[in-house]
Amino acid sequence: MPKIEEGKRFTDLAYASKDEVKAIYNKDDISKEWGKVLSYRSFFTTDTELRDEEENAYFLVLSPSVLKACYQLEERLFQDLLLFLSLSEEGKTAFRLKRKKHALAALARHALEKMPSDSTIERIAANEIENVPTSLFLLGEYSQAYDESMPSTDEGLFALNNRIQGEKEDSAPLMRKDRKEDVINTLTLPSPEKVTPHLTSYFLFLQQKDIPLLARAVLSLYFFLSVRPMEYVNEETATLFAKNLLRNAGLSDVGFALDFESVAFSRSSHFYHRMKETEKTLDLTYVLAYILPFLSKDEEGIRNLLAEEKKADGERKEKPLSPETPAAEGFEVELALPAFQPGVERKVVEERTKKLLEVYPFLKKKEAHFYAGHCQVGCFYTIENFMKEELTVYETARSSMEDLAKKGFYRKELQGKKFIYAPVPMKAEFDEEK
């Protein structure tokens, strides 16, 4: 077997540090071997806009293996996005909820003294707990912030940080004012007065199109964990901002679903050892090469989950038509609320939900969302429909349908041993308003 030249061996096959190469050769003086490694890496080195405390530029070694890992992962995510877009609205909602529960569980392991039950995490993820206990405050606020899209700008960053803390998004940003100590994260903190210049450099870094999108998102975590620009919840801000970066760049819900939480919330000594290597050498590739394989593995999980939801969609389509099934094509559809006449695609349900809440502010969001998509006169709907559509437990679905019936949106009838709910026409009411 031919010998692989040192530069390629310790860059493309495994991105090794100088100390790791020393251990492999089992000698202190590796100046010759390390010189070949640095020489090879110099062909692929790109300076970034990120800076250390002395204004020295961090750099990336975009070697063939690093670029391949970034672009292959991005390509697979776009393929996953096509699969996601082919799902029914029910399938998309189920996928989002399952990935959100995964993210909240990672946060809970990091931030809470006692791990909540799976059912509690599921209820928080589904926004079913109106008054989250104080002990789960961060989990509840993170869940709310998770559902909101933020621009990849400084305003979006500050709004996101405020939102995770339960503050108004337009509140003044709370920047770090001192050097906080952390026994695990021993990266050298910049002085507080350097935070704003670091943020400026970071947003310039995000605009470096010669650096792969996945690399910019991953290295956002390094920036937040090393600079810690905000007074509180830097890790939580880092994860959601990186997710939004991918979503805003075209990867939509699939990019947002990547598990940045398990990375940013990690307390692994090996992880911080790699981070320290980057701080010492200014080579961001140590962090990037460490995280990319984990995200690649996570993408496999995303793809498998999408395949499961696609299969579930197929099983739903095979079920025989029932009174709850929408009218066949060509059948004239009358809605209980003509003012919210839908388009061909169900994506307009969100817009109709917003309008409903403006007209009927006393409705709960899930009630408005369900009714906006289930107001076809001549059909009837059930508590089970609400459970599946809004991903709630039975009791929440039952009380919501009861509430809608009491407020006059549905007519409640007993059919056999279960209740059904028929939309009540409101056309005359809207005609009078006109």
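Label-to-label distance, E169 versus D29, with points set 7 angstrom from Cα along the beta-carbon direction: 6.3 nm.
Considering Cα pairs under 8 angstrom that are at least six residues apart, work out the relative contact order of segment 71-149 and quote it in whole percent. Walk me through the intermediate numbers first.
Working: 32 pairs, mean separation 21.0, N = 79.
It rounds to 27 percent for segment 71-149.
Taking only the Cα atoms of the chain, the radius of gyration and Dmax are 26.0, 89 Å. Between segment 29-90 and segment 378-411, the alpha-carbon centres lie 49 Å apart.
Please grab the % of Cα pairs in segment 241-323 that end up more than 22 Å from each other. Kindly include the intermediate steps, with their values, before the conclusion.
On the way: 1557 of 3403 pairs.
Of the Cα pairs, 46 percent sit more than 22 Å apart.
Evaluated at q = 0.12, 0.16, 0.22 Å⁻¹, the base-10 log of the normalised Debye intensity for segment 96-239, with identical point scatterers placed on the Cα atoms, takes the values -0.54, -0.94, -1.44.
For the peptides 21-31, 265-275, the ranking by packing is 265-275, 21-31, with the highest mean count of neighbouring Cβ atoms within 10 Å listed first. Per the Debye formula on identical point scatterers at the alpha carbon atoms of segment 12-84, with no solvent, log10 I(q)/I(0) at q = 0.12, 0.13, 0.23, 0.25 Å⁻¹ is -0.52, -0.59, -1.06, -1.11.
Residues of segment 365-382 with an amide N closer than 15 Å to a point placed 7 Å from the Cα of D403 along the Cα-to-Cβ direction: 365-372. The mean sequence separation of alpha-carbon pairs under 8 Å and at least six residues apart, normalised by the residue count of the chain, gives a relative contact order of 16 percent.
The DSSP beta bridges internal to the chain are antiparallel in roughly 95% of cases. Per-residue packing, averaged as other Cβ atoms within 10 Å, sorts the ranges 174-186, 142-154 into the order 142-154, 174-186, beginning with the highest. Helical content of the chain, expressed as a calculated mean residue ellipticity at 222 nm, amounts to -17000 deg cm²/dmol (DSSP H runs of 4 or more residues, -39,500 (n - 2.57) each, divided by residue number, nearest 500). Where in the chain are the DSSP H helices whose C-alpha atoms run 20 Å or more along the long axis and whose mean Kyte hydropathy is at least 1.0? Sorted by number, the helices that extend far enough and score high enough are 213-227. Taking a sphere under 13 Å around the Cβ of E55 and counting the other residues whose Cβ falls inside, with K and R at +1 and D and E at -1, yields a net charge of -3. Fully extending the segment from E231 to Q207, taken as 0.36 nm per residue of separation minus the present Cα-Cα distance, adds 6.1 nm. Note on S269 and E315: with the Förster distance fixed at 41 Å, the Cβ-Cβ geometry gives a FRET efficiency of about 0.35.
Taking 0.36 nm per residue of separation and subtracting the current Cα-Cα distance, fully stretching the chain between I4 and S39 would add 11.1 nm.
Extension gain, I184 to E54: 0.36 nm times the residue separation minus the Cα-Cα distance gives 44.4 nm.
Model label points for S135 and A307, set 7 angstrom from Cα along the Cα-to-Cβ axis, are 4.0 nm apart.
Given contacts defined as C-alpha pairs under 8 Å and at least six residues apart, what's the relative contact order of segment 132-231, whole-number percent? List each step's numbers first, then the result.
Numbers: 74 pairs, mean separation 25.5, N = 100.
It comes to 25 percent, rounded to a whole number.
A short reminder: the numbers here are calculations on the coordinates, not readings from a lab. Since the model is a prediction, treat every value here as computed from it, not as a measurement. As a convention, Cβ positions derive from the backbone with ideal geometry for all residues, glycine included, and neighbour counts pool all protein chains shown.
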